[in-house]
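Each value in this text was obtained by applying a stated rule to the coordinates, not by laboratory testing. Being a predicted model, the structure only gives us computed values, none of them experimental. Heads up, the Cβs are rebuilt from the backbone with ideal geometry, glycines too, and the neighbour counts pull from every protein chain shown.
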Amino acid sequence: MTERAFRGILAFLSQLEEHPTQRRLAELLDLNPAQITNYQQTGPTREGWWRKTAHRLYDLGFKDGQREATARIMQTIGTTLGEISRAQMANALGVTQATLNNWFRGRVCPSARNIARLLEYKAAHMVHPIIEFEEIAPAPRRNSWTLHGTDARKNRHLQHKLQKRKGLYIFYDSTGRVTYVGKTTRCLWNEVRQRLTANANRPFYRPRRIKRVVQGQVARYLSAYEVSPARAIHNLEVLMLRAFPNDLANTNIGKFRVGL
């Protein structure tokens, strides 16, 4: 990943300087030409180098391109933050909304510290509760299950909340114990209903006449959380699976992903 980031910096500099030589790139990044070639293959590994380079690129200015670069950076951050309003962003940073708008227009360059704080603000709002401990009454319907039996109004209510949203969900039994933690990067509504047909692997009480117990027969409460960015969903699920190692029907606690 670091080599891709380094090549991205070189591409950025090449656009601003109109195809600079290897020696010029080395001068801009305070490196020697041999290091440029090496870093294109392996990428710098020291965190301090990346911090120094970020400040160096920022301080160089590139007078003709700085305004456009600032606007692009802020627009990218704004897109990443999603539904968070500029008023909320300004309030979190302790600046006026007019100042924030000037950053987005490229009229004023925010400090590197404020850009870092904006990204940290995003991390603090990565998980958004949709429903928590919502009582459900699953019932089979054709080849699927409904979350509220024949109550069409309650089913539509949950569909409206979960449709076209992605993230994590949790099933609980009637005692409030977690029975399953799941994730989806597509649609929570479809995923939750599909999971109701899956086996309940924890040793629940089962009468002899019942050969197979599924989630729909034991799930009585549901929580769902929207997660953004989507690439964080997997690692959050893996973390939650480790929090309930003995209670869940999940048979695989997964592995943390390092790359994007």
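Under 5 Å between amide H atoms, partner at least 5 residues away or on a different chain: which partners does A198 have, H built in plane at 1.01 Å?
Q215, G216
Could you order the peptides 87-94, 231-238 from most to least packed, using the average number of other C-beta atoms within 10 Å per residue?
Sorting 87-94, 231-238 by mean packing, highest first, produces 231-238, 87-94.
Under the rule of at least 5 residues apart or a separate chain, name every residue whose amide H is placed under 5 Å from the amide H of T146.
Hits under the 5 Å cutoff: A139, R141.
Counting other C-beta atoms within 10 Å, and keeping those with at most 14, which DSSP coil GluC sites (Glu not before Pro) do you find in region 9-54?
When the GluC sites (Glu not before Pro) of region 9-54 are filtered for loop state and at most 14 Cβ neighbours within 10 Å, E18 remain.
Using modelled amide H (1.01 Å from N, peptide plane; none on Pro or chain starts), what sits under 5 Å from the amide H of I130, excluding residues fewer than 5 places away?
A224, Y225, E226
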